[in-house]
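See structure below.
The values are calculated or read from the model by the stated rules, or taken from the named source; none is laboratory data. Since this is a predicted model, take the numbers as computed values, not measurements. Backbone-built Cβ (ideal geometry, glycine too); neighbour counts: all protein chains shown. Side chains included, ligands, DNA and RNA excluded: accessible areas come from the protein's heavy atoms. Shrake-Rupley method; radii C 1.70, N 1.55, O 1.52, S 1.80 Å.
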Amino acid sequence: MNKYFEAQSWCLKNGIKMSIVPKRNTKRCKIEVNDNGKIFSSPIEYKNQSIASDKIWDLYLHIYEKHKKN
């Protein structure tokens, strides 16, 4: 299994979900993280959804690896 899919699967099983939130009337967007009901919005705006999508995969992997060590 691809490491990114493994990380995403682990996060979803543990109540961690991410989504792209577009800014109205622009191509720019932010990432929203839902960690078991606690909602966090990225402080960074991304130029487009493709860049944000790549960042979401990186975040899933980062969270997975962080929790895997514990």
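Quick notes on this one:
- Computed over the chain, Cα set: Rg, Dmax in Å: 12.5, 42
- Per residue accessible area of the chain, 1.4 Å probe, in Å²: 75
- Between helix 49-69 and the chain there is an angle of about 20 degrees, using the helix long axis and the longest principal axis of the Cα atoms.
- With every protein chain in place, the chain: carbon and sulfur % of accessible area (1.4 Å): 51
- Take I51: with every protein chain present and a 1.4 Å probe, its accessible area is about 70 Å².
- Computed from backbone phi, the HN-Hα couplings of the stretch 18-26 come to 10, 8, 9, 10, x, 8, 4, 6, 9 Hz, rounded to whole numbers (Karplus: 6.51 cos²θ - 1.76 cosθ + 1.60, θ = phi - 60°; Gly and Pro given as x).
- Rounded tilt (10° steps) of 3-13 against the dominant C-alpha axis of the chain: 90
- The stretch 1-50: trypsin sites (Lys or Arg not before Pro) in DSSP coil with no more than 13 other Cβ atoms inside 10 Å: K23, R24, K27, K47
- Think of it as helices only: each DSSP H run of n ≥ 4 in the chain is worth -39500 (n - 2.57), and spread over all residues that comes to -15000 deg cm²/dmol at 222 nm.
- Which listed pairs, of K23/K66; K13/K69; K3/K47; K17/K68, have C-alpha distances above 23 Å, in listed order: K23/K66; K3/K47
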